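Take a look at the structure below.
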Amino acid sequence: MNKKNIILILCLVCGMAVATTVSAQGKLVLREDNIEEIINAMTTEEKVSLLVGGPGNLVPGVAGYTREIERLGIPMTVLADGPAGLRIQPKREGTDQTFYCTGFPTSTLLASSWDPELVETVTTAMGNEVLEYGVDVLLAPGMNLHRNPLCGRNFEYYSEDPLLSGKMAAAYVRGIQKNGVGTSVKHFAANNQEINRLENDARVSNRALRELYLKNFEIAVKEGKPWTVMSSYNKLNGEYTQQKQGLLTTVLRDEWGFDGIVMTDWGCKENTVKATKAGNDLMEWGNQVEIDRILAAVNSGEISQEELDRNVSNMLNYIVKTPHFRHYNYSNKPDLKAHAAVARKAAEESIIMLKNEGETLPLNGDEKVALYGIASVDFVGIGTGSGWVNTEHIANIQEAMTKAGFALDENLAEYYRLCYAIQSATEKMNGNSIDKRHRPEPTVAVQAIERQAANNDVAVFVLGRVAGEGADRVVPEDFELSAIEREMLQNISMSFHKLGKKVVMVLNVVGVVETASWRNLVDAIILPWAPGQEGAYAVSNVLCGKVNPSGKLPMTFPINYMDIPSSKNFPYTWDMTQGRRGNRKNVDFTDYTEDIWVGYRYFQTKNVEVSYPFGYGMSYTKFAYSKPNVKVDKDGFTATITVKNTGKVAGREVVELYVAAPAGGLEKPARELKAFAKTKLLAPGESETLTMKVTAYDLASFNEEHSAWETAAGTYQVLFGASVTDIRCTATCKMKAQFWEVHDVLGMPVALP
Ligand code: BGC
């Protein structure tokens, strides 16, 4: 049987419409196995049009399209945003049908699960919505590192650590792509701030790039095999990433084996020709200027026929994988109810408990609760910008706790509903939307709080923070509490504690906030981040103990903002008056002077005290770690450790494997995360043996002088921790020296005068 017939039968078996492999008129049309023939049959204009995105109206509200070439059976394909779910318009003209999508937990919460399998389950459901709403590629996952907590898009990203980030992104990609639709890992690379994101030049050493800012992409590309990669807006060491051949071709394709397409982030830069030659296959969202530029360059020979055909071939290889090429008959009716259940479970498995003094939590569930904070009604499910998802409803904590049977102080609940209604009406009347991080926290008079303390059993305060694309967060009243929030917290703490009653804080925040100055005012802290449309139910289930929290921090919580090394060169505000355009420090260019000393790599090595360390998170139960076993093999080592639930309730534990390298050679962080594993739900007394594999390559550091990865010879300490500071047991292993040379193509960071 020939390949054409096999495809035909497969399509029929799968219940799909039959792929158009040969047109009715017997004309040449695109098939999986005739890409070269198609390229030979294409005119130069047709080839160029395939490299530039275009308009379309197949699915309202998507981010962009690739262009159709009808003559050759090349369909238009559809690209829409993520990462917390599919972003399309929920209502369409001429129909009452709605097209809502599920708002899943945001990436930072997913990373807090430390559970790639969970992430894959989430994105398997998410990818089904992509497929069933007629979209070919989800423009996600976002996976820039949390270099600094003020980056406005951190909620779309995973972690300060490249291994955790890379593993999460790879799982994300696998889940989506299982559905026969694609992903676009973004923003490649070093897009770590929103201020002047279109022009900022990230000046980063090769070592920091290789070990941190590219490492997570390397893992995602090698282990996830995404169909597409999105280059970023910014420059990297003086060149726009979309025009950086060393990055897009040498590193991404030649070194890592990427075989999909690279598309630009959404805008048109000056040098389209350079981008095309560099290996940026697709310009998005695409316009005529870009077509004209590429065409002129092909005609003048500046872009060679080989370069043009290489990019066209990449595009066609992508297109033949898409649902639109398969004529997939999408339903527009994904199972939103089932996906809501997935979203809730994912939030439950990821929520972090930071504090639980005197076993304040779990509550019994029948307490009278004084629920404070405007975020208790104006709940932050997702961040803003292209990462926003049009869900039908985002549950808030007030409604979730009520449904769960908690007896809320009704007067207080009514007060917050009214405050929210007034704030929303004011916004509407003024025709502007108040950015929630600046939305004033309504005050409650001390006398009223005292009454509430007398009439209720416990206080729960929900602190909200929102941010998103296009702007970074700020320190006052955002990273830090506002004066009103602080005063409220003090009054609540004083009034409830006076009567021997507890105070619980819920951090419904899109990014890290300062905690050290106020955490003594509360007895327990729950951190659900922005947990998606169902997250409030998950919070409520954690509060009443139906769910035992098992999330751990994917980044460090510092004591002060200025403790973070990159705070010295991260912009606070985009002040247009600072210097002349093109030469403003931290705006037009950012020197990554902290180099590899990001997050726990810095705090742990330099012994700087933190508020909560990387990898930290509490449980309602306790776990004992057995003596570990580390076995060296020809490829690295394999570690096993048995974890036993020694407490009274069922729970899950994340074991974090850190490695301390032998002294000598390159200066290295005191310890680095090299593997992790999470147990299943262990009943009290139950154990599970976890296995973690670390290769010699995983242990390597990057030596700029030789442009090589080097694994130093010697004895490595293998540390098994419940967090980066809470090391429960250790082992050692001896490794031989190994080297992997790579290309020196990323450029040097240039210091401007
Ligand atoms: C964002 C991308 C997004 C694209 C399409 C850009 O502004 O940076 O993350 O995928 O828009 O909406």
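The values are calculated or read from the model by the stated rules, or taken from the named source; none is laboratory data. Note that this is a predicted model, so its numbers are computed, not measured. Note: ideal-geometry Cβ built from the backbone for every residue, glycine included; neighbour counts use all protein chains shown. Keep in mind that these areas ignore ligands, DNA and RNA; they rest on the heavy atoms of the full protein, side chains included. Shrake-Rupley method; radii C 1.70, N 1.55, O 1.52, S 1.80 Å.
Side notes on the structure shown:
- Taken over the stretch 680-734, residues that are over 21 Å from ASN607 (Cβ atoms) and part of a loop (DSSP other than H, G, I, E, B) amount to 17.
- Whether a residue is within 16 Å of the ligand (Cβ to nearest atom) and either among the β-branched types (Val, Ile, Thr) or within 30 Å of ILE294 (Cα to Cα) (or both) was assessed, and VAL377 does not pass this test.
- Of the residues making up the stretch 648-675, those that are open to solvent by less than 30 Å² (accessible area, probe 1.4 Å), touching a Lys or Arg at 6+ places or on another chain (Cβ under 8 Å) and hydrophobic (A, V, I, L, M, F, W, C) number 6.
- Of the residues making up the stretch 604-624, not a single one is among the charged types (D, E, K, R), crowded, with 23+ Cβ neighbours inside 10 Å and under 27 Å from the mean Cα position of the chain (by Cα).
- If you go through the stretch 664-686 and keep only what is over 29 Å from the mean Cα position of the chain (by Cα) and free of Cβ contacts under 8 Å to residues at least 40 places away in the same chain, you end up with GLU667, ALA683.
- Test result for ASN364, under 30 Å from THR43 (Cβ atoms) and open to solvent by 50 Å² or more (accessible area, probe 1.4 Å): no
- Among residues of the stretch 514-549, those that are open to solvent by 10 Å² or more (accessible area, probe 1.4 Å) and out of contact with any Phe, Trp or Tyr (no Cβ under 7 Å at 6 or more places or on another chain), counted: 13
- Any chance TYR233 is in contact with a strand residue (DSSP E or B) (Cβ under 8 Å, 6 or more places away or on another chain), open to solvent by 10 Å² or more (accessible area, probe 1.4 Å) and under 21 Å from ALA80 (Cβ atoms): yes
- Selection count where residues are touching a Phe, Trp or Tyr at 6+ places or on another chain (Cβ under 7 Å) and not hydrophobic (A, V, I, L, M, F, W, C), scope the stretch 368-386: 5
- Some residue of the stretch 274-283 being surrounded by fewer than 18 Cβ atoms within 10 Å (Cβ to Cβ) and either in a helix (DSSP H, G or I) or under 28 Å from the mean Cα position of the chain (by Cα) (or both): no
- A search for C-beta distances below 7 Å between a residue of the stretch 549-562 that is assigned to a loop (DSSP other than H, G, I, E, B) and any residue that is open to solvent by 10 Å² or more (accessible area, probe 1.4 Å) and among the basic types (Lys, Arg), counting only pairs 6+ apart in sequence or on different chains, returns SER550/ARG652.
- LYS355 being closer than 19 Å to GLU129 by Cβ and open to solvent by 20 Å² or more (accessible area, probe 1.4 Å): no
- Checked against the criterion of being in a helix (DSSP H, G or I) and of a type in the set (Phe, Trp, Tyr), the stretch 314-337 has at least one qualifying residue.
- The stretch 45-90, subset of a type in the set (Val, Ile, Thr), within 16 Å of the ligand (Cβ to nearest atom) and surrounded by fewer than 24 Cβ atoms within 10 Å (Cβ to Cβ), residue nearest to ARG344 (Cα to Cα): VAL62
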